[in-house]
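The values are calculated or read from the model by the stated rules, or taken from the named source; none is laboratory data. Note that the structure is predicted; figures quoted are calculated from it, not measured. Reconstructed Cβ throughout: ideal geometry from the backbone, glycine too, with neighbour counts over all protein chains shown. Just so you know, the surface numbers come from the protein's heavy atoms only, side chains and all, with ligands and any DNA or RNA stripped out. Shrake-Rupley method; radii C 1.70, N 1.55, O 1.52, S 1.80 Å.
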Amino acid sequence: MRSWNQEISQQEKQVTYETGFFKGALLSISLLTGSATAITSMLPLLFNQYAQLSQSLVESLVTVTSLTTCLFTLLSHVVTQKIGRKRTVQLGIVLTVAAGILPFFFQQFALVMVSRLILGAGIGLFTPLAISMISMFFTGKQRAVLLGYQVGVTALGNSLLILISGGLMNVQWNWGFLVYLAALPILLLFSKVVPEPPNDSISRKNTSGAKATTISNQVLLYIILCFFTFLIIWAVQIKLPELFVQKGLGNTQAASWVLSLMNMGGLLAGLSFGRLFVRMQARLLPISYLCAGVLVVVLSFAQQFWVAATAAVLFNFVYSFTGPYIITKVNELATAQQLILSTALISVSMTLSQFATPFFWNTAGALINDQSAAAITRLAGIFALLIGAGLAIKINRRNHWRKQSK
């Protein structure tokens with residue numbers, strides 16, 4: 001009787017998980033995983049507010065969150081063992097809201113910096129679970145579909161939050177930080193609808209002991225490539241508002257709209273990635289880099305708003321295939337024992353690239369004696385072209401070798 005009741009209970013849970021409402025609640029936390037960049041369009045205003053500080057230091061208010069995000073991404077698993085996965089997500093969102101809105105009340109730079117570090121910690125706690133909880137509730141084709149949607153939802157969240165922040169900062173610059181109040185309805189929805197994941201979902205890939213966790217060279221190369229991939233996209237997103245102001249293409253509000261449209265392009269890319277990956281396979285990655293590089297160079301030379309906006313949106317669309325491609329390949333290449341470590345390192349590489357962006361690109365600009373937003377954006381485009389060309393050459397050589405071996 002007990003076994004029969006348990007079977008009925010499992011069937012009821014599966015029906016509950018199948019509903020669109022449950023899936024929407026589960027995916028809703030992905031709206032916040034990129035929320036650290038919600039204040040990107042505020043950077044020109046922040047430069048004026050903290051004019052006595054270096055530009056790199058002020059820009060780090062956007063990117064410094066990556067330090068604590070990186071740390072707490074690695075610590076998230078430890079916290080879940082103590083308080084559970086659902087409560088870890090809830091704790092992370094609470095920290096995100098509290099720390100996110102703190103600069104609205106206190107504008108001293110040191111306090112703003114501390115609040116951004118706490119914000120990063122909150123984001124780091126729930127970001128790994130935004131992906132892994134999908135795998136805990138779903139398997140097979142449904143899991144693959146939802147993981148594709150997760151990429152799109154993240155881009156949608158970035159777009160909406162930047163748009164809201166851009167509207168709020170028109171009232172006064174510090175009002176832009178109130179954008180993090182948008183996390184409250186997500187917290188309520190998640191808390192009400194999503195239960196603690198089933199315990200057996202974790203162990204299904206845990207086969208042998210603690211051995212075989214050494215990362216293969218191929219996986220390591222993809223993790224390194226992930227770092228440089230995000231180094232490029234952060235450069236474009238952070239420099240875009242400054243580029244618009246310096247070249248007279250528009251104000252920070254216009255840049256905010258373009259950043260939002262860029263993320264909508266990322267949403268469309270996330271939804272169409274699966275089919276393109278099946279059709280193009282290895283060719284998708286170099287083509288994405290090459291097309292993105294050309295578009296960023298066009299953006300850096302643009303003299304009209306519509307040219308810059310079109311180039312920026314198209315860039316984010318084609319470039320948004322690179323991240324999912326890298327993550328997919330890492331999941332294919334890593335063994336079951338390597339998968340947890342590989343996924344954590346991918347997340348770390350993304351967040352470290354976010355922190356390194358202002359220092360890396362401003363240093364690159366100093367080396368060519370031109371630190372304007374246009375020059376640094378152009379450098380990022382050239383970097384993408386070099387990566388794409390290198391990958392294309394590698395694929396052509398591999399295909400040539402395979403033909404000869406036959």
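Number of Lys pairs in the chain with C-alpha atoms less than 19 angstrom apart, excluding same-chain neighbours closer than eight positions?
Close lysine pairs found across the chain: 15.
More than 36 angstrom separation, counting every C-alpha pair in the chain; what % is that?
For the chain, the share of Cα pairs beyond 36 Å comes to 25 percent.
If I take the Cα coordinates of the range 45-194 and project them onto the principal axes, what are the three extents in Å, biggest first?
Rounded to whole Å, the extents work out to 54, 30, 27 Å.
For the range 306-333 and the range 246-260, write down the distance between their C-alpha centroids in whole Å.
21
Can you give me the three principal axis dimensions of the range 257-378 from its C-alpha atoms, in Å, biggest first?
Rounded to whole Å, the extents work out to 49, 31, 25 Å.
Order the peptides 115-125, 294-304, 244-254, 318-328 from the highest to the lowest mean number of other Cβ atoms within 10 Å of their residues.
Taking the mean over residues of other Cβ atoms within 10 Å, the ranking is 115-125, 318-328, 294-304, 244-254.
Could you list the square roots of 5 times each eigenvalue of the Cα gyration tensor of the range 284-327, that is, the equivalent ellipsoid semi-axes, sorted largest first and rounded to whole Å?
So the three semi-axes of the range 284-327 are 22, 9, 6 Å.
Hey, if we sort SER216, SER28 by accessible area with the 1.4 Å probe, largest down, what's the order?
From most accessible down to least: SER216, SER28.
Rounded to the nearest whole Å², what accessible area per residue is found for the chain with the 1.4 Å probe?
For the chain, the per-residue accessible area is 46 Å².
On the accessible surface of the chain, probed at 1.4 Å, how many percent belong to carbon and sulfur atoms?
66
How large is the translational diffusion coefficient of the range 249-322 in µm² per second when you combine the Kirkwood radius over alpha carbon pairs with Stokes-Einstein at 4 °C and 1.567 mPa s?
102
Find the relative contact order for the chain and round it to a whole percent, using C-alpha pairs within less than 8 Å whose residues are 6+ positions apart.
22
Report ARG378's accessible area, 1.4 Å probe, all protein chains in place, as a number in Å² to the nearest 10.
Answer for ARG378: close to 60 Å² accessible.
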